[in-house]
Amino acid sequence: PFLTFLGACNSLQFSTMNTISIALLRPSQTSSGNSLLSVNQQLAISFGIAFGAAVLNLLRERFELDTLVAFQTTYWILGILTILSGLYFLRLKPEDGRGLY
């Protein structure tokens with residue numbers, strides 16, 4: 001049940017972010033805008049994985065934490081950063097996205 005809920009939330013997030021991202025593009029720009037958005041999403045995922053690995057390595061090597069504790073701490077750090085980055089969407093105004101067709 002939890003993975004189903006998580007998958008539904010991820011699908012909703014990607015759909016809404018993609019929709020609002022190309023809302024102001026002209027119809028002739030939609031295809032290339034969507035391609036650029038996909039590349040940006042893949043880069044963000046790659047940077048997230050690299051950052052997580054760097055944090056995990058830092059916690060294990062520098063702070064000499066047990067592997068389990070280092071993983072748990074890394075998940076907490078990445079989770080907090082994800083929530084903080086989501087706060088950016090509070091800047092959206094009610095009229096944003098009205099250009100959708």
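The values are calculated or read from the model by the stated rules, or taken from the named source; none is laboratory data. Just so it is clear, the structure is predicted and the values come from calculations on it, not from any experiment. Note that each Cβ is placed from the backbone with ideal geometry, even for glycine, and that neighbours are counted across all protein chains shown. Note: accessible area is taken over every heavy atom of the protein model, side chains too, but ligands, DNA and RNA are not part of it. Shrake-Rupley method; radii C 1.70, N 1.55, O 1.52, S 1.80 Å.
Quick notes
- Filtered by the rule that a residue be hydrophobic (A, V, I, L, M, F, W, C) and within 19 Å of residue 92 (Cβ to Cβ), the stretch 1-51 gives 9, 12, 14, 17, 20, 22, 23, 24, 25, 37, 44.
- Per-region count, the stretch 33-43, residues out of contact with any Phe, Trp or Tyr (no Cβ under 8 Å at 6 or more places or on another chain) and open to solvent by less than 60 Å² (accessible area, probe 1.4 Å): 3
- Meets criteria (surrounded by 11 or more Cβ atoms within 10 Å (Cβ to Cβ), touching a helix residue (DSSP H, G or I) at 6+ places or on another chain (Cβ under 9 Å) and assigned to a loop (DSSP other than H, G, I, E, B)) for residue 65: yes
- Every condition in (1) open to solvent by less than 70 Å² (accessible area, probe 1.4 Å); (2) within 30 Å of residue 97 (Cβ to Cβ); (3) in a helix (DSSP H, G or I) is met by residue 52 except one, and the failing one is (2).
- Of all residues in the stretch 1-32 being touching a residue at least 40 places away in the same chain (Cβ under 8 Å) and not hydroxyl-bearing (Ser, Thr, Tyr), the one that is least open to solvent (accessible area, probe 1.4 Å): 23
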